Amino acid sequence: MIGPEVFSVEPWAVTERELRLDHLAQTESIFALSNGHIGLRGNLDEGEPHAVPGTYLSGFFEAVPLPYAESGYGYPEEGQSLIDVTNGKLVRLLVDDEPFDVRYGTLSHHERVLDLRAGVLRRNVEWTSPAGQSIKVTSTRLVSFVQRAIVAICYEVEPVGESARIVVQSSLVANEPVAEPTDDPRAAAALRAPLLAEHHAHHGLKAALGHRTRRSGLRLGAALDHLVDGPATTVTTAESEGDLARVTVSTELAPGETLKVVKLLAYGWSSRRSMPALRDQVDAALAAAKRTGWYGLQASQRKYLDDMWARADVEIDGDEQLQQAVRFALFQVVQAGARTEERAIPAKGLTGRGYDGHSFWDMETYTLPVLTYTAPEAARDALRWRHSTLELAQARARELRLRGATFPWRTIRGEECSGYWPAGTAAFHVNADVADAVRRYVMATGDAEFEHGPGFDLLVETARLWRSLGHHDAEGCFRIDGVTGPDEYSALADNNVFTNLMAARNLDAAADVATRYPERADDRGVDQAEIASWQRAAKAMVIPFDEKLGVTAQSEGFTRYRRWDFEATETGKYPLLMHYPYYLLYSSQVVKQADLVFALYACGDQFDAEQKRRDFDYYEPITVRDSSLSACIQAIVAAEVGHLDLAFDYFRETALVDLRDIAGNTADGLHLASLAGAWLVAVAGFGGLRDHGDTLAFSPRLPPRITRMCIRLLSRGRRLRIDVGPGTTRYEVLGGEPLELMHFGAPVTVAPGRPTDLACPEEVPASSVEPPPQREALRRGVGG
C-alpha cells in the first residue's frame, strides 16, 4: 500500500512532496494524463528512471496469438494488446555536459502536482549535478481535452549560483524497450518492437515519425514542434531516423536567466488512411495548436474542466481525504472517456497496460452511468462504439449457434479476446449490461435520435440473444442455464439472478422500442410474434428463492452449496483463486464480488425493502471482495438497508483504491471501474439515486462521519444540484425547464430558481453484519 505521507491531502490536487522511487510505478499511473484518445503515463520528463514507459492511443493495438493447452470449439485464436506507441513526452537535459538524472547528484527538492481543475501535471525540481552546478527545472504537461490530437509540455530551466551550459533534447522515440507483459513466448515476440518505420522527417523545430504495426496493420503518425524562448545565442538543430526524431536546443544561461521550451506534440492513427494522409493530419493538428499557443491551450483546458466541475462535482464535508479521492476519481473517469469518440473505454483507461488495454462489462456498468449523468456525449460515443461492433457480435452469436448479438467479454476492437470460457464468454450478462446502458442513457438524456438508431439495434439484437440462449421449461418458466454472473467464483450456474433480471429488463426494453418504432422493427425483421415471445420470456423469468432461508439464491441451488471455511483459510491466501482450485470455489458458498447484491442495486425495483435487508445480511459474510469492482456495490446496498457505517468504510476502500494502492497493482494502471464506483457510492449510495423507471428517484441518507454532501448531475439537459444535510435535502434546478423527480417515493416538481427543501426520514440502524474474517473493509486510520 501507499502510505498517507506520500500525497498531501488537499481538495483540488494530488501532490507528491518528494520523489519516492519505491513508488515510481504507482505514481506513473496516478499522475497519468489522458483525454480518452491519447494517454501518457506520469513518467519523469527525462524518461529515466521509469517503471513502465507508457504512451497509448485509444484503440491502437497489436494482434497476438492466444495459446491453449487444449483447443476447443469457439475459442478465439487471436488476442489484442494495447501497445506503447511513439513516446513524445521525452525531454532530456544536460547541464555542463552532465545528464540530469535524479539518481545522481543531489536532489534537494522534487514536487509533482496533479491539478484537478487546470488538468495539468506540474513538476518543480531543484538539483545539483555531481560536478556541483545547481539548477531549477519546472515543467507543466497537459493532454488537451479541446484539441484532441494534442499534447503540450512547457519546460523551463534556470541555473542557480553560476552560469551553466544547457542542452535540452526533445525527442520522439518508437519501440522503447518495455517489460514483456506475458509469459507466453509467442505473444511476447509479437509485442517486441511492434512498430515498423514508414516515415521520418525533420525541418527547423519540427520532426515527425510514421509507423505501422506488424500484425494488426494499423498506422500511426506522430509529430512535434517547438516554441523556444532563450538568450539570443541559443542554437537549435533537428534530426530524424526510423525510430528517433529529435530537436536539440543549446544555450548558456547566467543566474537569473531562463530557457523556456514549449513542446507541441500531435498523434493520429488509422486502420485505413495512408501514411501521407496521417502525416498531413498530425501536421495540421500541430499548426492549429501552434496558433492557439501554450497559454491558449492552458486556458481552454481550464475552461473545459470548469464546466465539467460545475455540472458534476461532489462536495463532501467531514472527510477531507474522501473529498480529494472522489474528485481524483471523477477526474480520471472524465479523462478516460472525454474524447474517445466512438472507441472503447478500457478497464485501466489509458493509464497502463493492465488487462492488455481491454474493455469489459465494467464500461457499461460502472463507467457509463457516471458519464451519462456528467458527460453524456462521452457515454453516447462509447455506446456508438458498441454499435459499430454489432456485426462482429452477430457473427460471434452465429458461431455459438445463437441468434442476435453476443458481445465479447474482453476486447479492444470488438472481437472476443477471452480464452477462458467459464469466466469469459459464459458471462453473457455483458449483453444485458450493454442494453441497460442504452436504456439509462436514453432515459437520462431524452436522446430520441439515438434511441431510434443505434439504441434500437442494440436493444433488439441483445433481446434476440436472450430469447435464443434461454428456454421455457415444462412448466412454462423461462430458464437461462450454464452462465456466469458477476461472481466469477460461481461459474456456469443455472438461473443466475443478476443475469436473469437484467435479461428480463433487456427483453422488455426491446419489446417497448419495437412497439414504439414499427418502421424500425420492420427494418430489422421484428414482427409481433417475436415481440410477444420477448414479453413472455421476461414475464416467466426464473428467479431462484430459498423458501427455507427466506433469501434469494444467487443462482439455482447456491444456498445449498457447502459453506466456505473462513476460519481455516490461512492469512495471506487471498485472492482465493490464486490459492484454491476452481472446483472448490465453484461448489462453495463464497462470493468473489457482489452478484446477488448487485442485483439488489441494479434491479432494486424487483425486491421489497425487507427482502433487500435479508439478502444483504446473508451475502455480506461470504463476499470476499477479491475484485476491486465489489466494494462500491456493497457500499450502495449497505447504505440502502441501513448499514451506514459499513457503507462509509466501503466508500473509503473504493475511493482510495489507487491513491493508497489497496489492491497492490496500481502500477499496472488505475482501477477505472472502482474510481467510477466512488462517484456511484456518493450519488447512488448516499444520494440514493435510482433510475429504474422514467423518473429519477432519490432517497438521501448520510453516514455519521459525513456531515454534508452536495451532488451535481445532468438530467435531460438540466443541471441538478442535490444538497444533502442532516435530516434535510435541497433540490435545485439550475436553469431550463422544471424537473420531476421522486423523493423517498413521493413525486416532486423542482422549478428553476426555486430550491425545494424536503425532510428525510430518520434512519433506523440495521443490526450489525460483518464481512468475512481477514476481509474487513478499509476503516478510517487504516491506509491513511
Quiz item: Going down the table (K206/K303; K136/K263; K290/K348; K136/K348), which pairs top 25 Å between alpha carbons?
Solution: K206/K303; K290/K348; K136/K348
Exercise. Specify whether the C-alpha gyration tensor of the stretch 581-737 places it in the rounded, prolate or oblate class, a ≥ b ≥ c being the square roots of the eigenvalues: rounded for a/c under 1.5, otherwise prolate if a/b is larger than b/c and oblate if not.
Key: prolate
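To the nearest whole percent, what portion of all C-alpha pairs in the stretch 24-179 is separated by more than 25 angstrom?
Value for the stretch 24-179: 40 percent of Cα pairs lie more than 25 Å apart.
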Quiz item: Can you give the calculated 222 nm mean residue ellipticity of the chain, where each DSSP H run of n ≥ 4 adds -39,500 (n - 2.57) and the sum is split over every residue, rounded to the nearest 500 deg cm²/dmol?
Solution: -9000 deg cm²/dmol
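Give me the net charge for the shell around V591: Cβ to Cβ below 13 angstrom, other residues only, Lys and Arg +1, Asp and Glu -1.
Once positives and negatives cancel, what remains is -2.
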Practice problem: Mind running the shape call on the chain? Use the C-alpha gyration tensor, a ≥ b ≥ c as the square roots of the eigenvalues: rounded below 1.5 for a/c, prolate if a/b tops b/c, oblate otherwise. | Solution: prolate
Exercise. Starting from the amide H of Q554, placed 1.01 Å from N in the peptide plane, find each other amide H under 5 Å away whose residue is 5 or more places distant or on another chain.
Key: T559
Exercise. Skip the ligands, DNA and RNA, and give the accessible area per residue of the stretch 377-417 with a 1.4 Å probe, whole Å².
Key: 40
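By how many nm would the segment from D527 to E610 lengthen if fully extended, with 0.36 nm per residue of separation less the alpha-carbon distance?
Details: separation 83, 0.36 × 83 = 29.88 nm, distance 4.03 nm.
Residue separation times 0.36 nm, minus the Cα-Cα distance, leaves 25.8 nm.
Report the equivalent ellipsoid semi-axes for the stretch 1-47 in whole Å, largest first, defined as the square roots of five times the eigenvalues of the gyration tensor built from alpha carbon atoms. Intermediate results must be reported in sequence, preceding the final value.
Details: eigenvalues 76, 41, 17 Å².
So the equivalent ellipsoid measures 20, 14, 9 Å along its semi-axes.
For S170, what charge total do you get from the other residues with a beta carbon under 12 Å from its beta carbon, if Lys and Arg give +1 and Asp and Glu give -1? If you can, show how the numbers build up before the last one.
Working: positive: K89, R92, K206, R246, K263; negative: D45, E46, D225, E239.
Cβ neighbours under 12 Å give a net charge of +1.
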Quiz prompt | Phi-based couplings in Hz for the stretch 741-746 (Karplus 6.51, -1.76, 1.60; Gly and Pro marked x) | solution = 8, 10, 10, 6, x, 9
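Skip the ligands, DNA and RNA, and give the accessible area per residue of the stretch 1-128 with a 1.4 Å probe, whole Å². Working shown, then result.
Details: 4320 Å² over 128 residues.
For the stretch 1-128, the per-residue accessible area is 34 Å².
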Exercise. Place the peptides 396-402, 270-276, 655-661, 321-327 in order of packing, highest mean first, counting for every residue the other Cβ atoms within 10 Å and averaging per peptide.
Key: 655-661, 321-327, 396-402, 270-276
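Can you tell me how much longer the chain between D512 and E239 gets when fully stretched, taken as 0.36 nm per residue apart minus their C-alpha distance, in nm with one decimal?
On the way: separation 273, 0.36 × 273 = 98.28 nm, distance 6.19 nm.
Taking D512 through E239 to full extension adds about 92.1 nm, to one decimal.
Compute the FRET efficiency between D694 and E320 as 1/(1 + (r/R0)^6), taking r as their Cβ-Cβ distance and R0 = 41 Å, and round to the nearest 0.05. Provide the component values of the computation, followed by the final result.
Values: r = 38 Å, r/R0 = 0.93.
About 0.60, to the nearest 0.05.
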Self-check item: Sulfur and carbon atoms: percent of accessible area, the chain [1.4 Å]
Solution: 49
Exercise. Could you tell me which of A405, N124, S274 has its Cα farthest along the dipole of the chain towards the positive end, charges placed at Cβ (Lys, Arg +1; Asp, Glu -1), taken about the Cα centre?
Key: S274
Quiz prompt | Potential lengthening between D473 and T248 on full extension [0.36 nm per residue; Cα-Cα distance subtracted] | solution = 73.6 nm
Quiz prompt | Amide H within-cut-off set for R708, under 5 Å, with H built and near neighbours excluded | solution = D317
Quiz item: What FRET efficiency would be calculated for the residue pair R560, T106, taking the C-beta separation as r and a Förster radius of 56 Å, to the nearest 0.05?
Solution: 0.25
Quiz prompt | Virtual paramagnetic centre 7 Å along Cα→Cβ of A540, amide N under 11 Å, in the stretch 449-473 | solution = 471-473
Exercise. Could you calculate the FRET efficiency of R398 with Y580 from 1/(1 + (r/R0)^6), where r is the beta carbon distance between them and R0 is 41 Å, rounded to 0.05?
Key: 0.65
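Heavy-atom accessible area per residue, the stretch 701-768, 1.4 Å probe: how many Å²? Provide the component values of the computation, followed by the final result.
Details: 3540 Å² over 68 residues.
I get 52 Å² per residue for the stretch 701-768.
Please go through the stretch 490-588 and write out the trypsin sites (Lys or Arg not before Pro) that DSSP classes as loop and that have at most 16 other C-beta atoms within 10 Å.
Values: sites: R505, R516, R520, R524, R536, K539, K548, R560, R562, R563, K573; in loops: R524, K548, K573.
Of the trypsin sites (Lys or Arg not before Pro), the ones in loops of the stretch 490-588 whose Cβ has at most 16 other Cβ atoms within 10 Å are R524, K548, K573.
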Quiz item: With a ≥ b ≥ c the root eigenvalues of the C-alpha gyration tensor of the stretch 243-314, is it rounded (a/c under 1.5), prolate (a/b larger than b/c) or oblate?
Solution: oblate
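The values are calculated or read from the model by the stated rules, or taken from the named source; none is laboratory data. Because the structure is a prediction, the values reported are computed rather than measured. Every residue, glycine among them, receives a Cβ derived from its backbone with ideal geometry; neighbour counts consider all protein chains shown. All accessible areas refer to the heavy atoms of the entire protein, side chains included, with ligands and DNA or RNA removed. Shrake-Rupley method; radii C 1.70, N 1.55, O 1.52, S 1.80 Å.
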